[in-house]
Amino acid sequence: MTKPAIDVAGQDLDPVAGGGLLSRRLLLKSAVVGTGAVAAGLATPRRAGAEASIPDWATVAGQRARGYGVPAEAEASVQRAIIEPWQDVAPAFSLSGTPHHRLRGTITPSGLHFEVHHGGRPEVDPNQHELMIHGLVDRSLKFDLDNLERYPMVTKTHFLECAGNSLFNAVMPEPMQAGCDMLHGLLSNTEWTGIPMSILMDEAGVQPEGTWVVAVGSDGPSLARSIPISKIMEDGVLALYQNGERIRPEQGYPMRLLLPGFEGNMNVKWLTSLWVTDAPAHTKHESGEYTEILADGSSVEFTFAIGVKSFITHPSATMTMSGDGLYEISGLTWSGAGEIEIVEVSADGGQSWAEAELVEPVLPRALTRFRMPWRWAGAPTVLMSRAEDVTGAVQPTRSDWKAKYDPSNFLHYNAIQPWQITAEGAVQNVYL
Ligand SMILES: Nc1nc2c(c(=O)[nH]1)N[C@H]1C(S)=C(S)[C@@H](COP(=O)(O)O)O[C@H]1N2
Ligand SMILES: [Mo]
(Lines give C-alpha, C1' and ligand atoms only; values in the text may rest on other atoms or scores of the structure.)
(Ligands and ions follow the chains in the order given, each with its own letter.)
Protein backbone atom coordinates (compact mmCIF):
# COMPACT_ATOMS: atom_id res chain seq x y z
CA MET A 1 0.00 0.00 0.00
CA THR A 2 1.40 3.41 -0.84
CA LYS A 3 0.77 6.44 1.27
CA PRO A 4 -0.88 9.50 -0.23
CA ALA A 5 1.29 12.55 -0.74
CA ILE A 6 -0.45 14.98 1.56
CA ASP A 7 0.89 17.51 3.96
CA VAL A 8 -1.09 19.18 6.65
CA ALA A 9 -1.34 21.90 9.26
CA GLY A 10 -0.62 20.74 12.80
CA GLN A 11 -4.08 20.90 14.38
CA ASP A 12 -5.61 18.40 11.94
CA LEU A 13 -3.14 15.82 13.12
CA ASP A 14 -4.90 15.63 16.49
CA PRO A 15 -6.56 12.22 16.70
CA VAL A 16 -10.38 12.07 16.59
CA ALA A 17 -10.40 8.50 17.93
CA GLY A 18 -7.99 5.85 19.13
CA GLY A 19 -5.41 4.11 16.97
CA GLY A 20 -4.52 7.28 15.06
CA LEU A 21 -7.76 8.22 13.26
CA LEU A 22 -7.47 11.86 12.18
CA SER A 23 -9.83 14.71 11.32
CA ARG A 24 -11.68 14.42 8.04
CA ARG A 25 -10.58 18.02 7.35
CA LEU A 26 -7.31 16.43 6.26
CA LEU A 27 -9.07 15.05 3.20
CA LEU A 28 -9.58 18.61 1.96
CA LYS A 29 -5.92 19.62 2.04
CA SER A 30 -4.05 19.82 -1.20
CA ALA A 31 -0.63 18.35 -1.70
CA VAL A 32 1.40 21.13 -0.19
CA VAL A 33 4.78 19.78 0.70
CA GLY A 34 7.15 21.60 2.96
CA THR A 35 5.09 23.28 5.67
CA GLY A 36 7.11 21.16 8.02
CA ALA A 37 4.04 20.04 9.96
CA VAL A 38 4.70 16.40 9.41
CA ALA A 39 8.13 15.05 9.90
CA ALA A 40 8.05 11.29 9.83
CA GLY A 41 6.21 8.77 7.70
CA LEU A 42 4.82 11.02 4.99
CA ALA A 43 5.20 9.78 1.43
CA THR A 44 6.33 12.89 -0.38
CA PRO A 45 6.75 12.99 -4.15
CA ARG A 46 10.31 12.87 -5.39
CA ARG A 47 11.60 16.32 -6.23
CA ALA A 48 12.35 16.90 -9.88
CA GLY A 49 16.08 17.28 -10.49
CA ALA A 50 18.01 18.84 -13.33
CA GLU A 51 18.95 15.39 -14.65
CA ALA A 52 15.52 14.71 -16.23
CA SER A 53 15.78 12.08 -18.98
CA ILE A 54 13.48 11.34 -21.89
CA PRO A 55 11.95 7.82 -21.88
CA ASP A 56 12.09 5.76 -25.10
CA TRP A 57 8.36 5.90 -25.75
CA ALA A 58 8.51 9.67 -25.89
CA THR A 59 10.91 9.57 -28.83
CA VAL A 60 9.03 7.36 -31.33
CA ALA A 61 5.59 7.17 -32.98
CA GLY A 62 3.01 5.47 -30.75
CA GLN A 63 0.51 2.66 -31.45
CA ARG A 64 -2.33 3.23 -33.92
CA ALA A 65 -5.96 3.63 -32.85
CA ARG A 66 -7.73 0.31 -32.12
CA GLY A 67 -11.32 -0.88 -32.22
CA TYR A 68 -11.73 -2.03 -28.63
CA GLY A 69 -9.44 -0.98 -25.80
CA VAL A 70 -8.06 -3.19 -23.05
CA PRO A 71 -6.23 -2.27 -19.82
CA ALA A 72 -2.50 -1.54 -19.91
CA GLU A 73 -0.32 -4.65 -20.20
CA ALA A 74 1.24 -3.94 -16.82
CA GLU A 75 -2.25 -4.23 -15.27
CA ALA A 76 -2.90 -7.70 -16.68
CA SER A 77 -2.80 -9.24 -13.20
CA VAL A 78 -5.96 -7.35 -12.21
CA GLN A 79 -8.34 -10.26 -12.70
CA ARG A 80 -11.43 -11.77 -11.16
CA ALA A 81 -10.56 -14.45 -8.58
CA ILE A 82 -11.88 -17.86 -9.59
CA ILE A 83 -13.44 -19.15 -6.38
CA GLU A 84 -12.26 -22.76 -6.40
CA PRO A 85 -13.11 -23.97 -2.86
CA TRP A 86 -16.78 -23.74 -3.75
CA GLN A 87 -16.37 -26.02 -6.75
CA ASP A 88 -15.73 -29.05 -4.51
CA VAL A 89 -19.12 -28.58 -2.89
CA ALA A 90 -21.21 -27.92 -5.99
CA PRO A 91 -19.30 -28.73 -9.18
CA ALA A 92 -21.93 -27.36 -11.57
CA PHE A 93 -21.45 -23.94 -9.95
CA SER A 94 -18.92 -21.54 -11.34
CA LEU A 95 -17.95 -18.40 -9.43
CA SER A 96 -15.55 -15.50 -9.73
CA GLY A 97 -15.06 -12.49 -7.46
CA THR A 98 -14.37 -8.82 -8.19
CA PRO A 99 -10.88 -7.74 -6.98
CA HIS A 100 -12.07 -4.79 -4.89
CA HIS A 101 -8.65 -4.34 -3.31
CA ARG A 102 -7.23 -3.47 -6.73
CA LEU A 103 -9.96 -1.03 -7.78
CA ARG A 104 -10.88 2.53 -6.79
CA GLY A 105 -14.05 4.54 -7.33
CA THR A 106 -17.38 2.70 -7.24
CA ILE A 107 -18.24 1.41 -10.74
CA THR A 108 -17.07 -2.15 -11.43
CA PRO A 109 -15.45 -2.48 -14.86
CA SER A 110 -17.66 -4.84 -16.88
CA GLY A 111 -14.85 -7.36 -17.40
CA LEU A 112 -14.36 -7.60 -13.62
CA HIS A 113 -18.04 -7.97 -12.62
CA PHE A 114 -18.39 -11.02 -10.37
CA GLU A 115 -19.99 -14.18 -11.78
CA VAL A 116 -22.27 -16.76 -10.25
CA HIS A 117 -23.39 -19.38 -12.75
CA HIS A 118 -25.44 -22.30 -11.44
CA GLY A 119 -24.81 -24.30 -14.59
CA GLY A 120 -22.22 -22.41 -16.58
CA ARG A 121 -22.53 -19.44 -18.92
CA PRO A 122 -24.77 -20.27 -21.91
CA GLU A 123 -23.82 -19.03 -25.36
CA VAL A 124 -27.07 -17.32 -26.26
CA ASP A 125 -27.82 -16.39 -29.86
CA PRO A 126 -29.37 -12.92 -29.56
CA ASN A 127 -31.29 -13.42 -32.81
CA GLN A 128 -33.11 -16.44 -31.41
CA HIS A 129 -33.55 -15.29 -27.84
CA GLU A 130 -37.07 -14.30 -26.78
CA LEU A 131 -38.73 -13.07 -23.61
CA MET A 132 -42.30 -14.17 -22.92
CA ILE A 133 -44.72 -12.57 -20.43
CA HIS A 134 -47.59 -14.96 -19.69
CA GLY A 135 -49.82 -16.41 -16.96
CA LEU A 136 -52.33 -14.14 -15.21
CA VAL A 137 -52.22 -11.42 -17.87
CA ASP A 138 -54.77 -10.11 -20.39
CA ARG A 139 -52.39 -10.62 -23.32
CA SER A 140 -49.40 -13.00 -23.45
CA LEU A 141 -46.52 -11.19 -25.12
CA LYS A 142 -43.25 -12.19 -26.73
CA PHE A 143 -40.35 -9.82 -27.28
CA ASP A 144 -37.11 -10.09 -29.18
CA LEU A 145 -34.15 -7.72 -28.99
CA ASP A 146 -35.39 -5.64 -31.92
CA ASN A 147 -38.85 -4.98 -30.41
CA LEU A 148 -37.25 -4.03 -27.11
CA GLU A 149 -34.93 -1.40 -28.61
CA ARG A 150 -37.97 0.81 -29.26
CA TYR A 151 -39.12 1.01 -25.62
CA PRO A 152 -38.21 3.88 -23.28
CA MET A 153 -35.12 3.11 -21.20
CA VAL A 154 -33.85 4.26 -17.83
CA THR A 155 -30.26 4.32 -16.56
CA LYS A 156 -29.52 3.56 -12.91
CA THR A 157 -26.47 2.67 -10.86
CA HIS A 158 -27.00 -0.31 -8.56
CA PHE A 159 -24.94 -2.93 -6.78
CA LEU A 160 -25.53 -6.63 -7.19
CA GLU A 161 -24.51 -8.93 -4.34
CA CYS A 162 -24.84 -12.70 -4.15
CA ALA A 163 -26.59 -13.84 -0.96
CA GLY A 164 -23.59 -16.13 -0.55
CA ASN A 165 -21.02 -13.31 -0.62
CA SER A 166 -18.47 -13.46 2.24
CA LEU A 167 -19.40 -17.11 2.83
CA PHE A 168 -15.91 -18.04 4.00
CA ASN A 169 -16.10 -15.57 6.88
CA ALA A 170 -19.53 -16.95 7.70
CA VAL A 171 -18.61 -20.64 7.98
CA MET A 172 -14.85 -21.14 8.28
CA PRO A 173 -13.76 -21.76 11.88
CA GLU A 174 -10.51 -19.87 11.27
CA PRO A 175 -10.37 -16.70 9.17
CA MET A 176 -9.31 -17.46 5.61
CA GLN A 177 -6.27 -15.46 4.53
CA ALA A 178 -7.25 -14.12 1.11
CA GLY A 179 -7.97 -10.81 -0.57
CA CYS A 180 -11.23 -8.91 -0.96
CA ASP A 181 -11.80 -10.77 -4.26
CA MET A 182 -12.15 -14.13 -2.46
CA LEU A 183 -13.61 -12.79 0.76
CA HIS A 184 -16.14 -10.21 -0.50
CA GLY A 185 -15.93 -10.37 -4.30
CA LEU A 186 -19.46 -11.61 -5.08
CA LEU A 187 -20.41 -7.95 -5.17
CA SER A 188 -20.22 -5.45 -8.04
CA ASN A 189 -21.68 -2.08 -9.00
CA THR A 190 -22.88 -1.13 -12.46
CA GLU A 191 -24.60 1.59 -14.44
CA TRP A 192 -27.46 -0.48 -15.88
CA THR A 193 -29.70 0.66 -18.74
CA GLY A 194 -32.96 -0.99 -19.67
CA ILE A 195 -36.73 -0.88 -19.82
CA PRO A 196 -38.79 -0.33 -16.65
CA MET A 197 -40.58 -3.65 -16.05
CA SER A 198 -43.80 -1.77 -15.24
CA ILE A 199 -44.08 -0.68 -18.89
CA LEU A 200 -43.88 -4.25 -20.19
CA MET A 201 -46.20 -5.57 -17.48
CA ASP A 202 -48.80 -2.87 -18.15
CA GLU A 203 -48.70 -3.77 -21.82
CA ALA A 204 -49.45 -7.40 -20.95
CA GLY A 205 -52.15 -6.26 -18.49
CA VAL A 206 -51.60 -7.99 -15.14
CA GLN A 207 -54.84 -9.42 -13.76
CA PRO A 208 -55.88 -8.58 -10.18
CA GLU A 209 -54.95 -12.09 -8.90
CA GLY A 210 -51.45 -11.71 -10.38
CA THR A 211 -49.40 -11.05 -7.25
CA TRP A 212 -46.18 -12.93 -8.05
CA VAL A 213 -43.93 -13.30 -11.07
CA VAL A 214 -41.77 -16.36 -11.66
CA ALA A 215 -38.71 -15.28 -13.64
CA VAL A 216 -36.86 -17.99 -15.61
CA GLY A 217 -33.48 -17.92 -17.33
CA SER A 218 -32.59 -19.72 -20.56
CA ASP A 219 -29.46 -21.42 -19.14
CA GLY A 220 -29.07 -25.17 -18.53
CA PRO A 221 -30.53 -25.15 -14.99
CA SER A 222 -33.42 -22.83 -16.07
CA LEU A 223 -32.79 -20.79 -12.95
CA ALA A 224 -36.17 -19.63 -11.66
CA ARG A 225 -37.18 -17.29 -8.86
CA SER A 226 -40.53 -15.98 -7.57
CA ILE A 227 -40.76 -12.23 -7.12
CA PRO A 228 -43.58 -10.19 -5.58
CA ILE A 229 -45.22 -8.19 -8.36
CA SER A 230 -44.97 -5.06 -6.20
CA LYS A 231 -41.16 -5.12 -6.60
CA ILE A 232 -41.39 -5.75 -10.35
CA MET A 233 -43.72 -2.75 -10.74
CA GLU A 234 -41.86 -0.47 -8.32
CA ASP A 235 -38.33 -0.49 -9.74
CA GLY A 236 -37.71 -3.72 -11.68
CA VAL A 237 -35.76 -3.20 -14.89
CA LEU A 238 -35.26 -5.41 -17.93
CA ALA A 239 -31.55 -4.61 -18.21
CA LEU A 240 -30.02 -4.60 -21.70
CA TYR A 241 -26.88 -2.49 -21.19
CA GLN A 242 -24.05 -2.60 -18.66
CA ASN A 243 -21.87 0.49 -18.25
CA GLY A 244 -23.05 1.77 -21.61
CA GLU A 245 -22.45 -1.34 -23.72
CA ARG A 246 -24.60 -4.44 -24.21
CA ILE A 247 -24.72 -6.67 -21.15
CA ARG A 248 -21.76 -9.03 -21.07
CA PRO A 249 -22.40 -12.77 -21.62
CA GLU A 250 -21.36 -13.35 -17.98
CA GLN A 251 -24.06 -10.94 -16.78
CA GLY A 252 -26.96 -12.38 -18.79
CA TYR A 253 -26.59 -11.34 -22.43
CA PRO A 254 -28.77 -10.30 -24.07
CA MET A 255 -31.11 -9.44 -21.15
CA ARG A 256 -31.45 -9.89 -17.42
CA LEU A 257 -33.87 -8.93 -14.71
CA LEU A 258 -32.58 -6.23 -12.38
CA LEU A 259 -34.23 -5.91 -8.96
CA PRO A 260 -32.36 -3.11 -7.17
CA GLY A 261 -31.23 -4.13 -3.68
CA PHE A 262 -32.57 -7.70 -3.87
CA GLU A 263 -30.27 -10.72 -3.43
CA GLY A 264 -28.24 -11.50 -6.56
CA ASN A 265 -30.00 -14.79 -7.27
CA MET A 266 -33.33 -13.05 -8.00
CA ASN A 267 -31.71 -10.97 -10.76
CA VAL A 268 -32.30 -13.69 -13.35
CA LYS A 269 -29.82 -13.70 -16.24
CA TRP A 270 -30.53 -14.71 -19.84
CA LEU A 271 -34.16 -13.95 -18.91
CA THR A 272 -36.63 -15.79 -21.14
CA SER A 273 -39.91 -16.07 -19.24
CA LEU A 274 -41.96 -14.02 -16.78
CA TRP A 275 -44.89 -16.09 -15.57
CA VAL A 276 -47.47 -14.11 -13.61
CA THR A 277 -48.99 -16.24 -10.82
CA ASP A 278 -51.01 -15.84 -7.62
CA ALA A 279 -48.41 -17.52 -5.36
CA PRO A 280 -44.65 -18.14 -5.17
CA ALA A 281 -43.57 -21.27 -7.06
CA HIS A 282 -41.07 -22.46 -4.39
CA THR A 283 -38.54 -23.41 -7.02
CA LYS A 284 -35.41 -25.38 -6.18
CA HIS A 285 -33.38 -22.20 -6.52
CA GLU A 286 -35.38 -20.30 -3.91
CA SER A 287 -36.52 -22.91 -1.41
CA GLY A 288 -33.67 -25.39 -1.84
CA GLU A 289 -30.66 -23.12 -2.22
CA TYR A 290 -31.46 -19.69 -0.85
CA THR A 291 -33.20 -20.34 2.47
CA GLU A 292 -31.48 -19.43 5.73
CA ILE A 293 -31.79 -21.78 8.69
CA LEU A 294 -32.07 -19.96 12.01
CA ALA A 295 -30.45 -20.94 15.31
CA ASP A 296 -33.68 -22.55 16.53
CA GLY A 297 -33.86 -24.81 13.45
CA SER A 298 -36.67 -22.91 11.73
CA SER A 299 -36.03 -21.34 8.36
CA VAL A 300 -36.70 -17.97 6.78
CA GLU A 301 -39.04 -18.35 3.82
CA PHE A 302 -37.56 -15.50 1.76
CA THR A 303 -34.92 -12.87 2.36
CA PHE A 304 -35.19 -10.50 -0.56
CA ALA A 305 -33.24 -7.38 0.38
CA ILE A 306 -29.49 -7.36 0.96
CA GLY A 307 -28.53 -6.15 4.45
CA VAL A 308 -26.41 -3.10 5.33
CA LYS A 309 -22.70 -3.85 4.89
CA SER A 310 -19.23 -2.35 4.44
CA PHE A 311 -15.58 -3.35 4.33
CA ILE A 312 -12.29 -1.51 4.04
CA THR A 313 -10.59 -2.10 0.67
CA HIS A 314 -7.43 -0.07 1.38
CA PRO A 315 -5.71 -1.45 3.34
CA SER A 316 -7.09 -4.98 3.31
CA ALA A 317 -5.98 -8.58 3.71
CA THR A 318 -2.97 -9.70 1.62
CA MET A 319 -1.61 -6.13 1.44
CA THR A 320 1.51 -4.91 3.20
CA MET A 321 1.81 -1.43 4.74
CA SER A 322 4.66 0.70 3.47
CA GLY A 323 5.84 1.92 6.85
CA ASP A 324 4.25 4.00 9.59
CA GLY A 325 2.75 7.44 9.00
CA LEU A 326 -0.24 8.91 7.18
CA TYR A 327 -2.69 6.86 5.12
CA GLU A 328 -6.13 7.29 3.67
CA ILE A 329 -8.36 4.41 4.72
CA SER A 330 -10.84 3.71 1.92
CA GLY A 331 -13.70 1.23 1.58
CA LEU A 332 -17.09 0.33 0.15
CA THR A 333 -20.54 0.39 1.73
CA TRP A 334 -24.05 -0.49 0.54
CA SER A 335 -27.52 -1.58 1.60
CA GLY A 336 -30.46 -3.16 -0.18
CA ALA A 337 -32.79 -0.92 1.84
CA GLY A 338 -31.64 2.40 0.35
CA GLU A 339 -28.89 4.95 0.98
CA ILE A 340 -26.11 4.60 3.50
CA GLU A 341 -26.44 7.07 6.35
CA ILE A 342 -23.18 6.72 8.30
CA VAL A 343 -19.97 4.72 8.18
CA GLU A 344 -17.80 4.69 11.27
CA VAL A 345 -14.23 3.47 11.30
CA SER A 346 -12.23 2.08 14.20
CA ALA A 347 -8.44 1.82 14.27
CA ASP A 348 -8.24 0.22 17.71
CA GLY A 349 -10.23 -2.98 17.29
CA GLY A 350 -13.59 -1.41 18.05
CA GLN A 351 -12.78 0.43 21.30
CA SER A 352 -13.39 3.82 19.69
CA TRP A 353 -15.01 4.91 16.43
CA ALA A 354 -15.04 8.04 14.23
CA GLU A 355 -17.29 8.96 11.33
CA ALA A 356 -15.81 8.52 7.86
CA GLU A 357 -16.52 10.75 4.87
CA LEU A 358 -19.06 9.34 2.40
CA VAL A 359 -17.88 10.18 -1.10
CA GLU A 360 -20.66 11.76 -3.20
CA PRO A 361 -22.89 10.75 -4.83
CA VAL A 362 -24.47 8.60 -2.12
CA LEU A 363 -27.03 6.68 -4.22
CA PRO A 364 -29.70 4.29 -2.94
CA ARG A 365 -28.87 0.58 -3.43
CA ALA A 366 -25.51 1.41 -4.98
CA LEU A 367 -21.95 1.09 -3.74
CA THR A 368 -20.75 4.19 -1.90
CA ARG A 369 -17.10 4.81 -1.12
CA PHE A 370 -16.01 6.04 2.29
CA ARG A 371 -12.65 7.41 3.40
CA MET A 372 -10.87 8.42 6.56
CA PRO A 373 -7.42 9.83 7.27
CA TRP A 374 -5.28 7.79 9.61
CA ARG A 375 -1.80 7.80 11.04
CA TRP A 376 -0.46 4.32 11.58
CA ALA A 377 1.95 4.28 14.51
CA GLY A 378 3.68 1.19 13.14
CA ALA A 379 2.29 -0.95 15.97
CA PRO A 380 -0.12 -3.90 15.76
CA THR A 381 -3.76 -2.82 15.54
CA VAL A 382 -7.12 -3.76 14.04
CA LEU A 383 -9.10 -1.68 11.51
CA MET A 384 -12.87 -2.04 11.15
CA SER A 385 -15.78 -0.26 9.45
CA ARG A 386 -19.42 -0.27 10.55
CA ALA A 387 -22.23 1.03 8.33
CA GLU A 388 -25.74 2.23 9.11
CA ASP A 389 -28.41 2.69 6.42
CA VAL A 390 -31.44 5.02 6.08
CA THR A 391 -33.65 2.58 7.96
CA GLY A 392 -31.31 2.70 10.98
CA ALA A 393 -30.07 -0.87 10.40
CA VAL A 394 -26.46 -1.31 11.57
CA GLN A 395 -23.92 -4.01 10.66
CA PRO A 396 -23.67 -6.71 13.34
CA THR A 397 -20.47 -8.16 14.77
CA ARG A 398 -19.60 -11.66 13.56
CA SER A 399 -20.63 -13.23 16.86
CA ASP A 400 -24.01 -11.43 16.86
CA TRP A 401 -24.59 -12.59 13.28
CA LYS A 402 -23.56 -16.19 14.06
CA ALA A 403 -25.86 -16.28 17.11
CA LYS A 404 -28.88 -15.65 14.89
CA TYR A 405 -28.37 -18.61 12.53
CA ASP A 406 -27.73 -22.33 12.40
CA PRO A 407 -23.93 -22.90 12.20
CA SER A 408 -24.29 -24.11 8.60
CA ASN A 409 -25.83 -20.90 7.29
CA PHE A 410 -23.67 -18.79 5.00
CA LEU A 411 -26.38 -16.68 3.35
CA HIS A 412 -26.75 -12.92 3.89
CA TYR A 413 -23.55 -12.59 5.94
CA ASN A 414 -23.10 -8.86 6.59
CA ALA A 415 -20.93 -8.70 9.70
CA ILE A 416 -18.23 -6.12 10.41
CA GLN A 417 -14.89 -7.05 8.76
CA PRO A 418 -11.86 -6.54 11.02
CA TRP A 419 -8.41 -6.34 9.39
CA GLN A 420 -5.48 -6.98 11.69
CA ILE A 421 -2.25 -5.08 11.04
CA THR A 422 0.88 -6.72 12.39
CA ALA A 423 3.97 -4.85 13.62
CA GLU A 424 5.62 -5.77 10.30
CA GLY A 425 2.73 -4.17 8.38
CA ALA A 426 1.05 -7.36 7.13
CA VAL A 427 -2.74 -6.97 6.78
CA GLN A 428 -4.69 -10.09 7.77
CA ASN A 429 -8.26 -11.33 8.03
CA VAL A 430 -9.29 -11.79 11.67
CA TYR A 431 -12.46 -12.60 13.64
CA LEU A 432 -13.28 -10.35 16.59
N1 LIG B 1 -30.32 -17.66 -15.36
C2 LIG B 1 -29.51 -17.48 -14.30
N3 LIG B 1 -29.64 -16.34 -13.60
C4 LIG B 1 -28.85 -16.11 -12.52
C5 LIG B 1 -27.90 -17.08 -12.11
C6 LIG B 1 -27.75 -18.27 -12.89
O7 LIG B 1 -26.95 -19.15 -12.61
N8 LIG B 1 -28.59 -18.43 -13.97
N9 LIG B 1 -27.15 -16.85 -10.99
C10 LIG B 1 -27.79 -15.98 -9.98
C11 LIG B 1 -26.96 -15.66 -8.87
S12 LIG B 1 -26.87 -16.80 -7.64
C13 LIG B 1 -26.40 -14.43 -8.73
S14 LIG B 1 -25.59 -14.01 -7.33
C15 LIG B 1 -26.43 -13.44 -9.83
C16 LIG B 1 -25.01 -13.18 -10.29
O17 LIG B 1 -25.00 -12.25 -11.33
P18 LIG B 1 -23.66 -12.01 -12.14
O19 LIG B 1 -23.11 -13.35 -12.52
O20 LIG B 1 -24.02 -11.12 -13.26
O21 LIG B 1 -22.72 -11.32 -11.17
O22 LIG B 1 -27.17 -13.88 -10.93
C23 LIG B 1 -28.29 -14.69 -10.63
N24 LIG B 1 -29.01 -14.96 -11.84
MO1 LIG C 1 -26.04 -15.78 -5.75
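The values are calculated or read from the model by the stated rules, or taken from the named source; none is laboratory data. All values derive from a computational prediction rather than experimental measurement. Methodologically, a virtual Cβ is constructed for each residue, glycine included, from the backbone with ideal geometry; neighbour enumeration extends over all protein chains shown. To get the accessible areas, we keep the full protein, side chains included, count just its heavy atoms, and leave off ligands, DNA and RNA. Shrake-Rupley method; radii C 1.70, N 1.55, O 1.52, S 1.80 Å.
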**Complete:** The relative contact order of the stretch 93-218, taking Cα pairs under 8 Å that sit 6 or more residues apart, comes to a percentage of 35
**³J(HN,Hα) computed for each position of the stretch 380-396 - Karplus, 6.51 cos²θ - 1.76 cosθ + 1.60, integer Hz, glycine/proline x** = x, 7, 10, 9, 8, 10, 9, 9, 10, 9, 4, 7, x, 5, 10, 4, x
**Message:** Please report the net charge: other residues with Cβ closer than 15 Å to the Cβ of Asp146, K and R +1, D and E -1.
**Reply:** -1
**Fill in**
Expected vector for the stretch 241-255, Karplus 3J(HN,Hα) from phi with 6.51, -1.76, 1.60 and θ = phi - 60°, integer Hz, x for Gly and Pro, equals 10, 10, 6, x, 10, 3, 3, 5, x, 4, 9, x, 3, x, 7
**Item:** Calculated SAXS-style log₁₀ I(q)/I(0) at q = 0.06, 0.14 Å⁻¹ - the chain, Debye, Cα scatterers
**Value:** -0.29, -1.28
**Asked** Using mean Cβ contacts within 10 Å as the protection proxy, how do 260-267, 77-84 order, highest first?
**Response** 260-267, 77-84
**Message:** Once you keep just the Cα pairs under 8 angstrom separated by 6 or more residues, what percentage relative contact order results for the stretch 263-359?
**Reply:** 18
**Complete:** Under the rule rounded for a/c under 1.5, else prolate if a/b exceeds b/c, else oblate, using alpha carbon gyration tensor axes a ≥ b ≥ c, the stretch 129-185 is classed as prolate
**Within the chain, percent of DSSP bridges classed antiparallel, to nearest 5** = 95
**Helix-only CD estimate at 222 nm, as mean residue ellipticity for the chain, using -39500 (n - 2.57) per DSSP H run (n ≥ 4)** = -2000 deg cm²/dmol
**Request:** Over 20 Å between C-alpha atoms is what I'm after, so list which of Lys284/Lys309; Lys269/Lys402; Lys309/Lys404; Lys269/Lys404; Lys156/Lys231; Lys156/Lys269 land there.
**Result:** Lys284/Lys309; Lys269/Lys402; Lys269/Lys404
**Complete:** In nm², the average projected area of the convex hull spanned by the Cα atoms of the stretch 118-222 is 9.6
**Item:** Average Cα contact separation per residue, the stretch 377-432, under 8 Å, 6 or more apart, as relative contact order %
**Value:** 43
**Asked** How large is the Kirkwood hydrodynamic radius of the stretch 200-341, in angstrom, based on all distinct alpha carbon pairs?
**Response** 17.7
**Complete:** Calc'd 3J(HN,Hα), the stretch 257-262, phi into Karplus 6.51 cos²θ - 1.76 cosθ + 1.60 (θ = phi - 60°), Hz, glycine/Pro = x, comes to 8, 10, 10, x, x, 8
**Complete:** Classified through the alpha carbon gyration tensor (a ≥ b ≥ c as square roots of its eigenvalues; rounded if a/c is under 1.5, else prolate when a/b is larger than b/c, else oblate), the stretch 352-418 comes out oblate
**Highest-first arrangement of 94-101, 359-366, where packing means the average Cβ count within 10 Å** = 94-101, 359-366
**Request:** Sort the stretch 95-175 into rounded, prolate or oblate with this rule: let a ≥ b ≥ c be the square roots of the eigenvalues of the Cα gyration tensor; rounded if a/c is under 1.5, and if a/c is not under 1.5, prolate when a/b is larger than b/c, oblate otherwise.
**Result:** prolate
**Item:** Other-chain or far-sequence residues with amide H under 5 Å of Ser299's (modelled H)
**Value:** Leu294
**Request:** Please list 327-335, 128-136, 315-323, 103-111 highest first by mean number of surrounding beta-carbon atoms within 10 Å per residue.
**Result:** 327-335, 315-323, 128-136, 103-111
**Complete:** Given a 1.4 Å probe, the accessible area of the chain per residue, as a whole number of Å², is 44
**Prompt:** What residues qualify as long-range amide H neighbours of Ile342, i.e. H under 5 Å apart, gap of 5 or more or another chain, H built at 1.01 Å from N?
**Reply:** Glu388
**Net charge of Cβ neighbours under 12 Å - reference Ser298; Lys, Arg +1; Asp, Glu -1** = -3
**Message:** If I histogram all Cα-Cα distances within the stretch 62-143 using bins 10 Å wide from 0, what percent of pairs lands in each bin?
**Reply:** 13, 26, 28, 22, 9, 2, 0
**Fill in**
Share of accessible surface on carbon and sulfur in the stretch 290-382, whole %, 1.4 Å probe and ligands ignored, is 50
